[in-house]
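K.L.:
The following block contains the structure, expressed as C-alpha cells.
The values are calculated or read from the model by the stated rules, or taken from the named source; none is laboratory data. What you see is a predicted model, and the numbers here were worked out from it, not measured in a lab. So basically every Cβ, Gly included, is an ideal-geometry build from the backbone, and we count neighbours across all protein chains shown. What goes into the accessible areas is simple: the full protein's heavy atoms, side chains included, and nothing from ligands, DNA or RNA. Shrake-Rupley method; radii C 1.70, N 1.55, O 1.52, S 1.80 Å.
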Amino acid sequence: MLENVNKHFGDLHVLRDINLTVNSGEVVVVIGPSGSGKSTLCRTINRLEPIDSGTITLDGQPLPAEGRGLARLRSDVGMVFQSFNLFAHKTVLQNVTLGPTKVLRMGRAEADKRGMELLDRVQIGNQADKYPAQLSGGQQQRVAIARALAMNPKVLLFDEPTSALDPEMVQEVLDVMTDLAGEGMTMVVVTHEMGFARRAANRVVFMADGQIVEENTPEEFFTNPRSERAQDFLSKIL
Ligand code: ADP
Ligand code: MG
C-alpha cells in the first residue's frame, strides 16, 4: 500500500521511507510517541497531505491526484478524527446521509434507511434527530464512525479516536471499533489504547521520528519489543 513514502514539512523529514502494506480485512494499529508522524501518515493515505516521493496504492491502483478519482478515493478511504469533525448545524442523521446523497448520489429514502441502520449499529439510532452539541463526546464519535461507514469505505483510518473523550466514554467507542474489526473491516488505527491493540490488532506498527521502527504481532510486540525505542515507549505507557 505504501512504498518508500517520504514527506517533509520544510526542513522536517516527517515520513522517512515508509513501507506499509495493509491487507483486506486486516487491523493495523499504529503507535508511537507524539510527533512521530502518525497523523501525517494517515493524512497521506487519503491525500489530505501530498507526499514528496514514493507511491501509495489502494487495491493495486495508485491514489488519484484530482477530480472524480480523488472524490472516489475519499469515499473509499474513510477517516475518523480525534475531534469528531461533525457538521454542527446538521442533525445526527443528516451528518450520516450527507456523503451518500451528495457524493454517491443515493436517493433520500435509501440514504435515510441506510443511515438509520448504521446509527443503530453504533447504538445511537434513538438520537438521530438531535444535533451534535446535544450528544456526549462518545456518542458524537460513534456518529462519526457511522458517517464514515455510510460511504462503504474499503479501509477506515482512525486517528486517535478516543483521545479527546472523557475516560468513561472511551470503551463505548472501542467496543464499536472492536465489532467492526470482528466483522472484517480493514482498519488502520492510531491509538494509545493498548488493550484495544492487544484485542483487535492483527499487527502493531511502532513509529518514531518518522520511521517505522518495528512491526509485529501484538503478542510479540507487547511481550518482546525488539527495539530500544519501543521498549522505552512501552515502559512509559504500560
Ligand atoms: P503524531 O500524529 O505522531 O503526533 P504528526 O504527524 O502530527 O505526529 O506530526 C509529525 C511532525 O510533523 C511533528 O513534528 C509536527 O509538528 C509536524 N507537522 C505536522 N503537521 C505539520 C504541518 N502542517 N506543517 C508543519 N509541520 C507539521
Ligand atoms: Mg497525531
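K.L.:
Which pairs turn up if I take residues in segment 201-227 that are farther than 15 Å from Val190 by Cβ and look for partners that are among the polar types (S, T, N, Q) and crowded, with 16+ Cβ neighbours inside 10 Å with beta carbon separation below 7 Å, at least 6 apart in sequence or on another chain?
P.N.:
Between residues of segment 201-227 that are farther than 15 Å from Val190 by Cβ and residues that are among the polar types (S, T, N, Q) and crowded, with 16+ Cβ neighbours inside 10 Å, the close pairs are Asp209/Ser36.
K.L.:
Give the residues of segment 92-109 that are surrounded by fewer than 14 Cβ atoms within 10 Å (Cβ to Cβ) and either among the polar types (S, T, N, Q) or in contact with a strand residue (DSSP E or B) (Cβ under 8 Å, 6 or more places away or on another chain) (or both), sorted by residue number.
P.N.:
none
K.L.:
Also, quick follow-up: Of all helices (runs of 4 or more DSSP H) completely enclosed by segment 134-238, which ones contain at least 3 residues that are buried (at least 19 other Cβ atoms within 10 Å of the Cβ)?
P.N.:
Per the criteria, 137-149, 167-182, 194-200, 228-237.
Conditions tested, residue by residue: (1) assigned to a helix (DSSP H, G or I); (2) open to solvent by less than 20 Å² (accessible area, probe 1.4 Å); (3) closer than 30 Å to Asp129 by Cβ.
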| position | (1), (2), (3) |
| --- | --- |
| Ser34 | no, no, no |
| Thr44 | yes, yes, no |
| Glu49 | no, no, no |
| Arg68 | yes, no, no |
| Gly78 | no, yes, yes |
| Phe84 | no, no, yes |
| Lys90 | no, no, yes |
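K.L.:
Among the candidates Val28, Val5, which residue alone is among the β-branched types (Val, Ile, Thr) and either closer than 25 Å to Leu180 by Cα or within 12 Å of ligand 1 (Cβ to nearest atom) (or both)?
P.N.:
Result of the check over Val28, Val5: Val28.
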